[in-house]
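Take a look at the structure below.
The values are calculated or read from the model by the stated rules, or taken from the named source; none is laboratory data. All of these numbers come straight from a predicted model, not from anything done at the bench. Ideal geometry is used to build each Cβ from the backbone, glycine not excepted, and the neighbour counts take in all protein chains shown. Only protein heavy atoms, including side chains, enter the accessible area calculation; ligands, DNA and RNA are left aside. Shrake-Rupley method; radii C 1.70, N 1.55, O 1.52, S 1.80 Å.
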Amino acid sequence: MVLLGDRYEILAAAQAASMMGIPVGHISAAKSPRGRDDWIRHAISKASWWHFVAAETYRQRVIQLGEAPERVFNVGDRD
């Protein structure tokens, strides 16, 4: 499953896929501003197998959460 973003709407899909053993690719991981809903972003990252981030800063943020560096890819963005 491929998920875009890390807002609360995506959390249910990430949880369902994770519980069913469906690999999850997460696009734009760690990009959103940090704040009250950080736990949602972290939960989606933990449920994901691959992480496709927009910049090296975001890549490092995902790795700091404990994700394997070889599964975190800096693919850029169109901002």
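Relative contact order for the chain: 28 percent, from Cα pairs under 8 Å spaced at least 6 residues apart, divided by residue count. Charge tally around SER28: other residues with Cβ under 9 Å, Lys/Arg +1 each, Asp/Glu -1 each, net -1.
Taking every alpha-carbon pair within the chain, the share separated by more than 20 Å comes to 21 percent. Local charge for HIS51 was computed over the other residues whose Cβ lies under 9 Å away, with Lys and Arg +1 and Asp and Glu -1, and equals +1.
The portion of the accessible surface of the chain made up by carbon and sulfur, rounded to a whole percent, is 58 (1.4 Å probe; DNA, RNA and ligands excluded).
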